[in-house]
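Presented below is the structure to which this report refers.
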Amino acid sequence: MNDLSGKRILLGVSGGIAAYKLPHLVRLFKKSGAEVQVVMTKSAAMFVSPLALATLSGRAVLSEIFPNSASDQESWTNHIRLGEWADGFVLAPATANVVAKLANGFADDMLSVCFLTLRPNKPKLIFPSMDGEMFDAPAVQRNLNVLREQGCLVIEPEVGELASGLVGKGRLPEPEKIFALVCDALSPKEKTLAGKQVVVTAGATREKIDGVRFISNYSSGKMGFALAEAAAELGAETILITGKTSLPTPPNVKRIDVESAEEMFREATRYFETLDVFVAAAAVADYRPAETHQGKLKKSADALELRLVKNPDILLEFGKRKKSHQLSVGFALEIENALENARAKLAAKNCDIVALNRANEEGAGFESETNRLTLLFKDGSCEQLPLQTKREIAKEILKKASFFFRKTSLTSPER
Ligand code: C5P
């Protein structure tokens with residue numbers, strides 16, 4: 001149950017078309033018991049009515065730092081009071097301009113000043129929303145990274161129809177989704193995996209052909225990183241063993257970078273005895289070149305034959321050694337006879353849960369921000385998850401994992 005009773009939210013609104021979604025968001029906050037103070041930029045008022053936001057929040061909307069009249073005694077110190085008052089800051093939509101201002105400490109309107117007066121360690125959620133090209137612009141990405149480094153949670157915009165008529169990345173998530181993320185940040189969930197050790201493998205392995213070439217695959221590592229983040233949020237001691245990726249390490253996660261399947265196997269086996277949950281989300285190469293050439297292979301003959309040998313199957317090996325108190329979660333990417341194959345994998349690798357990904361589905365797969373999975377359980381049951389962000393799916397999977405530890409028997413997760 002999402003509950004924000006008594007929480008005080010400073011809601012920054014900047015001038016993007018997606019601001020039209022804000023009245024609904026304010027209503028969701030208010031209905032769940034939160035107090036909301038809207039601070040908006042001048043241009044935001046072009047897209048959404050300040051009167052509507054004031055009426056729904058029950059508080060005057062603030063925009064300027066200075067009072068309208070000289071007799072207004074306290075309003076010029078509002079920004080300091082508000083910084084102390086708020087339990088969290090939400091900026092939705094966040095335009096490129098306001099992101100640049102906040103990243104650089106500008107303080108020329110109520111929104112930017114409140115961002116600076118907010119007490120340290122209060123959650124700050126930033127929801128950028130703009131045209132896809134603009135979002136990808138190096139300056140915008142740099143500014144968002146600065147905000148991330150300052151501890152802000154930056155939520156990637158969604159892909160879909162944009163106000164420009166184009167289809168692409170840039171949409172503000174729906175109010176319900178923003179609301180759920182704010183609930184997570186302001187009312188952290190129970191630490192249901194506290195005291196447990198969770199090991200996650202992620203990303204693609206690289207199998208060396210010679211000094212400059214390798215065999216690999218398209219896995220981005222996003223699913224594995226989201227799983228590690230979710231495990232850490234639930235209080236687990238989390239170890240993330242990952243192939244090459246430029247993804248940032250989630251908070252409170254121990255990251256081990258590896259290249260090849262053999263290396264990943266070696267690192268994972270170190271934890272086989274102690275871990276409580278093993279999540280194999282890595283796309284591990286099944287084969288590697290039988291030998292790695294020193295230096296660079298020269299181009300000479302018309303054809304080149306590479307002999308490949310089998311890599312260790314990390315999940316299978318863990319399955320063989322797994323004790324009854326340990327849990328094993330595998331992933332299966334299937335095209336034909338998906339359910340059948342995934343079920344066979346669950347049995348063969350002695351998994352407790354297999355998350356089935358059907359290849360070639362829209363909104364799912366390697367590079368995507370979202371995914372659609374079917375979870376198969378050891379007791380023969382299965383559950384189809386809706387199309388969700390990888391973050392949401394990760395939470396769902398880890399929640400299932402924590403159910404196992406609440407039950408005395410490991411036969412079936414409670415749902
Ligand atoms: O057999 P297949 O590769 O389809 O199984 C996929 C599952 O097994 C994934 O969870 C993957 O991380 C894991 N796996 C592994 N080591 C391998 C191959 C796959 O851990 N060498």
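When only residues in segment 304-331 that are near the ligand (Cβ under 10 Å from one of its atoms) and without any contact (Cβ under 8 Å) to a residue 40 or more places away in the chain count, which is farthest from the chain's Cα centre (by Cα)?
My answer is 310.
Name the single residue that is farthest from the ligand (Cβ to nearest atom) among those in segment 256-289 being more than 25 Å from residue 304 (Cβ to Cβ) and among the hydroxyl-bearing types (Ser, Thr, Tyr).
Looking at the filtered set, the residue picked out is 274.
Six or more apart or on different chains, Cβ atoms under 6 Å: show the pairs whose first residue is in segment 273-293 and aliphatic (A, V, I, L, M) and whose second is open to solvent by 70 Å² or more (accessible area, probe 1.4 Å) and away from the ligand (no atom under 14 Å from the Cβ).
Note: pairs meeting the criteria are 290/307.
Given (1) in contact with a Lys or Arg (Cβ under 8 Å, 6 or more places away or on another chain); (2) more than 16 Å from the ligand (Cβ to nearest atom), identify the lone condition not met by residue 293.
Unmet condition: (1).
Scan segment 113-141 for residues that are in contact with a helix residue (DSSP H, G or I) (Cβ under 8 Å, 6 or more places away or on another chain) and either open to solvent by 70 Å² or more (accessible area, probe 1.4 Å) or not assigned by TED's automatic domain parsing to the domain that holds residue 18 (or both) and jot them down.
Answer for segment 113-141, where residues must be in contact with a helix residue (DSSP H, G or I) (Cβ under 8 Å, 6 or more places away or on another chain) and either open to solvent by 70 Å² or more (accessible area, probe 1.4 Å) or not assigned by TED's automatic domain parsing to the domain that holds residue 18 (or both): 116, 119, 134.
Please count how many residues of segment 113-129 are under 16 Å from the mean Cα position of the chain (by Cα) and polar (S, T, N, Q).
Looking only at that region, the number is 0.
Do any strands (runs of 3 or more DSSP E) lying entirely in segment 100-215 carry at least 2 residues that are at pLDDT 90 or above, and which ones are they?
Here the list reads 124-128, 167-171, 197-202.
Just give me the residues in segment 56-90 being of a type in the set (Phe, Trp, Tyr) and at pLDDT below 65, in sequence order.
Selection gives 76 alone.
Looking only at residues in segment 358-378 that are surrounded by fewer than 21 Cβ atoms within 10 Å (Cβ to Cβ) and modelled with pLDDT of 90 or more, which one is farthest from residue 316 (Cα to Cα)?
Filtering first and then ranking leaves 374.
Within segment 343-356, track down each residue that is more than 9 Å from the ligand (Cβ to nearest atom) and surrounded by 21 or more Cβ atoms within 10 Å (Cβ to Cβ).
346, 352, 353, 356 - these are the residues of segment 343-356 that are more than 9 Å from the ligand (Cβ to nearest atom) and surrounded by 21 or more Cβ atoms within 10 Å (Cβ to Cβ).
Can you name every residue in segment 84-112 that is open to solvent by 10 Å² or more (accessible area, probe 1.4 Å) and farther than 14 Å from residue 14 by Cβ?
Answer for segment 84-112, where residues must be open to solvent by 10 Å² or more (accessible area, probe 1.4 Å) and farther than 14 Å from residue 14 by Cβ: 84, 85, 87, 104, 105, 107.
Just wondering, is there one or more residues in segment 172-186 that are crowded, with 24+ Cβ neighbours inside 10 Å and of a type outside the set (A, V, I, L, M)?
Within segment 172-186, not a single residue is crowded, with 24+ Cβ neighbours inside 10 Å and of a type outside the set (A, V, I, L, M).
For the list (1) within 16 Å of the ligand (Cβ to nearest atom); (2) farther than 12 Å from residue 198 by Cα, I need the number of the one condition that residue 250 fails.
(1)
The values are calculated or read from the model by the stated rules, or taken from the named source; none is laboratory data. Quick caveat: nothing in here was measured; it's all calculated off a predicted structure. In this analysis, Cβ positions are derived from the backbone assuming ideal geometry, glycine residues included, and neighbour counts consider all displayed protein chains. Quick note on the areas: whole protein, heavy atoms, side chains included, nothing else; ligands and nucleic acids left out. Shrake-Rupley method; radii C 1.70, N 1.55, O 1.52, S 1.80 Å.
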